[in-house]
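Take a look at the structure set out below.
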Amino acid sequence: MAEEVKLFRTWSSRYSLRIVWALKLKGIEYETIFEDLTNKSPSLLQYNPIHGKVPVLVHDGKPVCESLVILEYVDDTWKHNPLLPQDPYEKSMARFWANFGDDKLMKSIWQLFIAHEKDQDVAAVAALENLKIVEEQLKGKKFFHGETIGYLDLAFGWIANLVSIIEEIMSLKLVDGERFPHLSSWIQNFMDAPVIRDCWPPRDKMIIKYQVGREKHLAAATPK
Amino acid sequence: MAKDDVKLIGAWPSPFVNRAQIALNIKSVKYEFLEEKFGSKSELLLKSNPVHKKIPVMIHNDQPICESLVIVEYIDEVWSSGPSILPSDPYDRATGRFWAAYIDDKLFPAIRGIGTADGEEAKKAAIEPVIEGLAYLEEEFIKSSKGKNFFGGDKIGYLDIAFGSFLGWIRVTEKMNSVKLIDESKTPNLFKWAEKFCADNSVKDVIPDTDKLSEFAKVLMAKLRNPQN
């Protein structure tokens, strides 16, 4: 029986992109279902009743949720072109850094993005500190695991796209070539990689979406 | 080949540290437990986990591994000849990892929320998401145990460790707030599982006794309300 692979995603979800890239790297054919999260499909709610979020990978009718869990599932199931390192220590470092990316780095960049002007300096310090930590990890490497794209590149992939969008909206430079030479190179290499470059969501649509989102947050948290 | 040198930086009340201890016990790995003093962080901890400065940190042949679930998976992969912790099927592994993430991201903060809720109304509101989460886990237990004693089947597995490590704190929360969370009538499978889990050889000396943990919880709450230098 032929394998059936479906991916529930939205046009802009950075978490869903991780799975798009992973499936492309592995050469897996799949069906895409685009969701409107303001009007979730019954299928999405059936496959992800706990969170109702994207991405959800459905493999032969069985759903897998949470992007980093899905990445490991894809790697466990289709063993060619491995995403994670084979060595247990290297693998544990990859998992550690992916968690850092989502728990600390992304949060601090988001905090900066929605900060009121008076809070921006403090928020920027935290974001830059976390970016510096990532910069250190890239020293002497083209991609996080060496010469080829792997798990951590997919986990951090959102940086390559989202940071420049945030920089444009806020008219500031977060990742400059002088302070972040390795991260800047990585961003360029990753953005242009053949497997990655055709998957980015339309930039103008993203700018509008994030601008609107930012305005909503700033309005809701207006200081007295 | 060098003999395995395993150290675990931790503290007895931490459920995250308990996860690493249980995994090491399952694999019969001898390790040196370096107890952190409550309220301060050792130089070794700061050096081994400079990013988060948190416990647990496992140091294996001088290499530090951080984050409790990362440590558990590492232990399973390195000591592969011992009883396996993660299931072998990719889908079952994904399911276990999904629920472990749910426990860390949603359930544990909700349980903590009961302890910090002020007043009856707030407590009632705080208890609801915990009851909901435990109902999900009751369902998951039925699916994944397939009639056996543990989430992992015949023996303790990844999700047993991820969830079971919180049983000490769940019991403290029940005791200090006069509420039943893992209820024999509402979550009968979890109720039975909890007893079996805590009695298991790999677990019984790890999960702290409820009275001892309650005393610690009172000290912790007092410190949180009156932080001193």
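The values are calculated or read from the model by the stated rules, or taken from the named source; none is laboratory data. Source: prediction; values computed, not measured. When we count neighbours, we look across all protein chains shown, and the Cβ atoms used for this are built from the backbone with ideal geometry, even at glycine. Keep in mind that these areas ignore ligands, DNA and RNA; they rest on the heavy atoms of the full protein, side chains included. Shrake-Rupley method; radii C 1.70, N 1.55, O 1.52, S 1.80 Å.
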Practice prompt. Determine the distance separating the Cα centre of the range B:18-87 from the Cα centre of the range B:150-229; give it in Å without decimals.
Written response: 20 Å
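Considering only protein heavy atoms and a 1.4 Å probe, what is the carbon-and-sulfur percentage of the accessible area of the protein assembly as shown?
Values: 11650 of 22340 Å².
Taking all protein chains in place, the protein assembly as shown shows 52 percent carbon and sulfur surface.
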Item to complete: Report, in deg cm²/dmol and to the nearest 500, the calculated mean residue ellipticity at 222 nm for chain A, where each DSSP H run with n ≥ 4 adds -39500 (n - 2.57) and the sum is divided by the residue count.
Response: -17500 deg cm²/dmol
Discussion item. Checking understanding here: applying a Kyte-Doolittle mean of at least -0.5 and a length along the axis of at least 27 Å (C-alpha), which whole DSSP H helices in chain B pass?
Written reply: B:120-145
Worksheet item: Just how far, in whole angstrom, is the range A:1-61 from the range A:138-193 if you go by their alpha carbon centroids?
Response: 25 Å
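I want to verify the translational diffusion coefficient of the range A:34-84 in µm²/s; compute it with Stokes-Einstein, Rh as the Kirkwood radius over Cα pairs, at 37 °C and 0.692 mPa s. All intermediate terms of the calculation are to be shown ahead of the outcome.
Details: Rh = 11.8 Å.
Here the translational diffusion coefficient equals 278 µm²/s.
Would you list B:S28, B:S81 from the most to the least accessible area, probe 1.4 Å? The partial results should precede the final answer.
Numbers: B:S28 95, B:S81 120 Å².
Listed by decreasing accessible area, they come as B:S81, B:S28.
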Item to complete: Pop a pseudo-label 7 angstrom from the Cα along the beta-carbon direction at both A:R197 and A:K24 and give the gap in nm to one decimal.
Response: 1.1 nm
Discussion item. Counting other C-beta atoms within 10 Å, and keeping those with at most 10, which DSSP coil trypsin sites (Lys or Arg not before Pro) do you find in the range A:52-159?
Written reply: A:K79, A:K139
Fill in: Cα gyration tensor shape for chain A, rounded if a/c is under 1.5, else prolate or oblate
oblate
Practice prompt. Please compute how much accessible surface disappears when B pairs with A, both sides summed, using a 1.4 Å probe, and round it to the nearest 100 Å².
Written response: 2200 Å²
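With every protein chain present, what is the per residue accessible area of the protein assembly as shown (1.4 Å probe, Å²)? Walk me through the intermediate numbers first.
Numbers: 22340 Å² over 453 residues.
Result: 49 Å² per residue.
Which is the longest stretch in chain A that no exposed loop site breaks, taking sites as GluC sites (Glu not before Pro) with a DSSP loop state and at most 13 other Cβ atoms within 10 Å?
On the way: sites that count: A:E3, A:E4, A:E29, A:E147, A:E178.
Free of exposed loop sites, the longest segment is A:30-146.
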Response to the item:
Those residues in the range B:31-61 that give up at least 10 Å² of accessible surface, probe 1.4 Å, once the partner protein chains are present instead of the chain by itself are B:V51, B:H52
